[in-house]
1. What FRET efficiency do you get for Q26 and S76 if R0 is 22 Å and r is their Cβ-Cβ distance, rounded to the nearest 0.05?
2. Using alpha carbon centroids, what distance separates segment 61-101 and segment 126-166, in Å?
3. Might you work out the accessible area of S191 for me, using a 1.4 Å probe with all protein chains in place, and round it to the nearest 10 Å²?
4. To the nearest 0.05, how large is the calculated FRET efficiency for R235 and R194 if R₀ is 41 Å and r is the Cβ-Cβ distance?
5. Quick check: residue separation of T147 and S96 times 0.36 nm, minus the Cα distance between them. What number comes out in nm?
6. Would you tell me the accessible area of K81, worked out with a 1.4 angstrom probe on the heavy atoms of the protein chains, in Å² to the nearest 10?
7. Using a 1.4 angstrom probe and counting only protein chains, how large is the accessible area of T232 in Å², to 10?
8. L162 to L131: FRET efficiency via 1/(1 + (r/R0)^6), r the Cβ-Cβ distance, R0 35 Å, to the nearest 0.05?
Amino acid sequence: MDVKNRGSSVSEFLLLGLSRRPQQQQLLFMLFLSMYLATVLGNLLILLAISMDSRLHIPMYFFLSNLSFVDICFSSTIVPKMLANHMLGSQTISFSACLTQMYFVFMFVDIDNFLLAVMAYDRFVAVCHPLHYSAKMTHQLCALLVTGSWVIAILNVLLHTLLMARLSFCADNTIPHFFCDVTPLLKLSCSDTRINQMMILTEGALIMITPFICILVSYILITCTVLRVPSTKGRWKAFSTCGSHLAVVSLFYGTIIGVYFNPLSSHSSEKDTTATVMYTVVTPMLNPFIYSLRNRDMIRALGKVVGRKIFSVQ
């Protein structure tokens, strides 16, 4: 399907990036390169540790490994293109490539969204129903939850991408952003975008808010259970783990809701860009630290992975 010829006279867009000042561009290039390498390395180490340690072959780490894989793909959809544009001195991206990037970005956002909810449900079962954990969290259920997350995300984002492909882009092709985001594209369109906005605020909001509500309910039930634990040390340990998860959940959902679920007229490119940096670059980089490096089992498994690498080099 030739998307370009069907609805648009614009063959390419210009991604302005994060700054137009040369000195700031150099600094941002080094910063984003470092953050991207940290994201890939940190999440790869998590994947290696989980795959190599049989004690981590349980539902919690199965979901964590999927989250790490998705975070690598998520960052790789955005950051390498931005870095390549800086190195090549080019800001262009073709219309079809722009839609493709938008599709994969929001597909991985949706999967992240579902995985956070699945991980919260896993912790709910572990804390509130520990004696039935093995019976409830079977391998079949875990595989079904992850597969369902992928299928729903793929179909949901396909709908929004097809709606975007039907729009016309007639004159201005400058995107004041570092990737092809929905809001800047809707602002550039010379077509009627009311259907797109309505679908984002209804179906899109349903897809994002439903898992968020599941997370809140899970943690309310977890909190009620933990408060009944007589040991202060046990309560603190449980709340510490929940706090880490909720910190990432708040960062992830707070920025997304602030960017995408407000009227189009209330958006500004500066605020939207800052918010999207948080959930597209910062959150995937922090996830390995927040979810894993405070976990003794994970630290032990990572130590074995790093130890084996050093030993093999020697």
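The values are calculated or read from the model by the stated rules, or taken from the named source; none is laboratory data. Keep in mind it's a predicted model, so treat the numbers as computed, not measured. Note that we place each Cβ from the backbone using ideal geometry, even for glycine, and neighbour counts take in every protein chain shown. Heavy atoms of the whole protein, side chains included, go into the accessibility calculation; ligands, DNA and RNA do not. Shrake-Rupley method; radii C 1.70, N 1.55, O 1.52, S 1.80 Å.
1. Numbers: r = 22 Å, r/R0 = 1.02.
Given R0 = 22 Å and the Cβ-Cβ separation, E is 0.50.
2. Spelled out, the Cα-based centre of one part sits 22 Å from the other.
3. 40 Å²
4. Values: r = 50 Å, r/R0 = 1.22.
Working from the Cβ atoms, E equals 0.25.
5. On the way: separation 51, 0.36 × 51 = 18.36 nm, distance 2.73 nm.
Gain on extension, T147 to S96, equals 15.6 nm.
6. Around 70 Å² of this residue is reachable by solvent.
7. 100 Å²
8. The calculated FRET efficiency here is 0.15.
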